[in-house]
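All remarks here apply to the structure that follows.
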Amino acid sequence: MLKTKDLLGIKELSREEINLILDTAAGFKDVLGRDIKKVPTLRGRTAVNLFFEPSTRTRTSFELAAKRLSTDVINFSVPTSSVVKGESLIDTALTVQALGADLIIIRHSSSGVPHLLSKNLRASIINAGDGTNEHPTQALLDAFTVKEKKGKIEGLTIAIVGDIAHSRVAKSNIYCLTKLGAKVRLIGPPTLIPQEIKMMRVAVFHSMEDGLKEVDVLIMLRIQTERQGKGFFPSIEEYSKNWGITSERLAHARPDVVVMHPGPMNRGIEITSEIADGPHSVILEQVTNGIAVRMAVMYLLAGVKRS
Amino acid sequence: MPKELMNRHDINRALTRIAHEIIEKNKGTKDLCLVGIQRGGVHLAKRLAAEIKAIEKKDIAVGSLDIALYRDDLNIRKKQPVIRRTEVPFEVTDLKIVLVDDVLFTGRSIRAAMDALMDLGRPANIQLTVLIDRGHRELPIKADFVGKNIPTSLNETVEVQLKEEGGRDRVLLKKVKRGA
């Protein structure tokens, strides 16, 4: 059983709790492979997708996960342009709770919003991405995929490539994979790997060729093209040339290397189509696993009486 | 002090008899499969399959079913059930399924198991085998094959211990501790 009513970040989870989520997800993945891809487990519960940032895949994945558990799900659309301040944010969330939500899935551009809601609401809060802080369900589905492909996580060498500084996916992955005993490497230009992250039991490489040696799993991050021209890297072409993954570069990794990407991909920039659609890629399996992992999280949070 | 209701030999004899009964009732093993309920029922299903093979010289498919996703008490239980794997590696539609569990009590687990099976396909029929029937049904459910009927009171529990779980084979009757 998880210790708290919320999933705020991987930072807050113990290794045992992470493993419980991954083991539970394996049971739910079985359900997704059947003709009837639905179980009555959370019948009568209500989940609300409260997304203050645009998202299609994560929101859809949560929506589908809720439906597969027989939970009613509502997408609460929030005008993405308006700046929502502390007070009105809590009011919005309290309104959603008063509508009967047992689970509130929140994405917000400010770090720490899920934590704020957690303190003010009875409903279970699931962080679906907060600012540059964390995106815990992405890290959990990545870990689930690695475990499924490699049979274990402990002792594996896993490289995360790209814009670590602005990536909540990277941060959640670093917490998750190090807690599970993987050796984590960060690869990217010095401008995109912040100093404080180097304290997190990781190795840092500023060259793809060096960083990819002996790598079992490669996690490519999406380069946010809006960062171009802000001094982090000179141009998309230059970024792609130095940090994109190509077949020639992948040859430096282990022969059975697995390539992952949280999506959406910039084909031809951080990843070539040859890799994305090639035998090492598990990118589409990550999407399927995302539903199983999110079902597991919802079950573990809402499928129990908490006193 | 727990009371031993069945020992290793009692359990083996009961399983051998049940295996004969299953074959007799189904006139052989055609279209027959065994599905054990996690976890005790899975071990018993495998043993029954071995007994049936010894008698009929035919292999019989065995699956395992996790019923946690179909329970009716999730929002009243304090302890959350662990989700285990459901592994039924064959098409259940048109098969005769013998559901196997260790103890039949309220019947609620069997209701959940039947719902879980129905979501996998449309079996020709579902039969029920239990090692122990301890009474106190809360639903209109009856076992087709029973190892032993044991009248119990509600302040007792029946514990089936199997060697597959690391102990030795036996069935114990225990008093429930207050507040447990």
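Details
- Residue mean of other protein chain beta carbons inside 10 Å, B:120-127: 1
- Within the stretch A:9-98, trypsin sites (Lys or Arg not before Pro) in DSSP loop having at most 11 other beta-carbon neighbours inside 10 Å: A:Lys85
- Positive-end residue, the protein assembly as shown charge dipole about Cα centroid, Cβ charges, pick of A:Ser281, A:Ile106, B:Ile110: B:Ile110
- Simple point charges give the picture: +1 on the Cβ of Lys and Arg, -1 on the Cβ of Asp and Glu, and for the stretch B:20-73 a dipole about the Cα centre of about 260 debye.
- Cα gyration tensor shape for the protein assembly as shown, rounded if a/c is under 1.5, else prolate or oblate: prolate
- For the stretch B:71-180, the set of chymotrypsin sites (Phe, Trp or Tyr not before Pro) satisfying both a DSSP loop assignment and a count of at most 16 other C-beta atoms within 10 Å is given as B:Phe90.
- Mean residue ellipticity, 222 nm, helices only, chain A: the sum of -39500 (n - 2.57) across DSSP H runs of n ≥ 4, divided by residue count and rounded to 500, is -11500 deg cm²/dmol.
- For the stretch A:3-51 versus the stretch B:39-70, the spacing of their alpha-carbon centroids is 29 Å.
- Placing +1 on the Cβ of every Lys and Arg and -1 on the Cβ of every Asp and Glu, with no other charges, gives the protein assembly as shown a dipole of roughly 1640 debye about its Cα centre.
- Of the residues B:Cys33, A:Cys176, the one with the fewest other Cβ atoms within 10 Å heads the list, and the complete ranking is B:Cys33, A:Cys176.
- Placing +1 on the Cβ of every Lys and Arg and -1 on the Cβ of every Asp and Glu, with nothing else charged, gives the stretch A:136-286 a dipole about its Cα centre of roughly 520 debye.
- Centre-to-centre, using Cα atoms only, the stretch B:113-153 and the stretch A:148-186 are separated by 46 Å.
- Spacing of the modelled spin labels on B:Lys177 and A:Glu154, each 7 Å from Cα toward Cβ, amounts to 3.1 nm.
- Remark: spin-label model distance B:Asn75-A:Ile36 equals 2.1 nm, labels positioned 7 Å along the Cα→Cβ axis.
- Most mobile of A:Asp130, A:Asp256, A:Asp216 in a GNM of chain A (Cα contacts under 10 Å): A:Asp256
- Max mean-square fluctuation residue, GNM over chain A, Cα-Cα springs under 10 Å, options A:Ile74, A:Ile160, A:Ile223: A:Ile74
- Separation of the A:Leu284 and B:Asn155 label points, Cα + 7 Å toward Cβ, nm: 6.2
Every number in this text was worked out from the coordinates using simple rules, so none of it is lab data. All figures in this text were calculated on a predicted structure; none of them were measured in a lab. For neighbour counting, all protein chains shown are included, and Cβ atoms are generated from backbone atoms with ideal geometry for every residue, glycine included.
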